[in-house]
Amino acid sequence: MSAIAGEYTAIYEKWTSDGHQFIWITDGFGWKKTKLPLRDTFDATDYILNLYMVQKGALEGIIKQMLNQKLKCYILAKVKLIHCVWV
């Protein structure tokens, strides 16, 4: 998890330096076992969600906020990369 968290921090830095947003969605199990790497990434990025948070509408709220601000958005969900751009 440490390596993954570090890689996602690097992705976040690259994408946000290009004017994009980054949302990391986890399955939630790592939140219990690897708190320190997640904490480091949480401190370095804007959004880390777990699947429960997505089910409760957190992702929808973030995307609505991004749409209102007319931001470009990239969403990385565990294995699949979902690319959405709003201009």
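The values are calculated or read from the model by the stated rules, or taken from the named source; none is laboratory data. Here the structure is a predicted model, which is why all the values come from computation and not from measurement. Using ideal geometry, Cβ is built from the backbone for each residue, glycine included, and neighbour counts are taken over all protein chains shown.
Scanning the range 5-35 for residues that are in a helix (DSSP H, G or I), free of Cβ contacts under 8 Å to residues at least 12 places away in the same chain and under 22 Å from Tyr52 (Cα atoms) yields Lys32, Lys35. Consider the range 63-87 and keep the residues that are β-branched (Val, Ile, Thr) and surrounded by 12 or more Cβ atoms within 10 Å (Cβ to Cβ). The one that is modelled with the highest pLDDT is Ile63.
Within the range 51-62, the set of residues being in contact with a Phe, Trp or Tyr (Cβ under 9 Å, 6 or more places away or on another chain) and buried (at least 17 other Cβ atoms within 10 Å of the Cβ) comprises Leu59, Ile62. Within the range 36-45, being β-branched (Val, Ile, Thr) and part of a helix (DSSP H, G or I) holds for one residue alone: Thr41.
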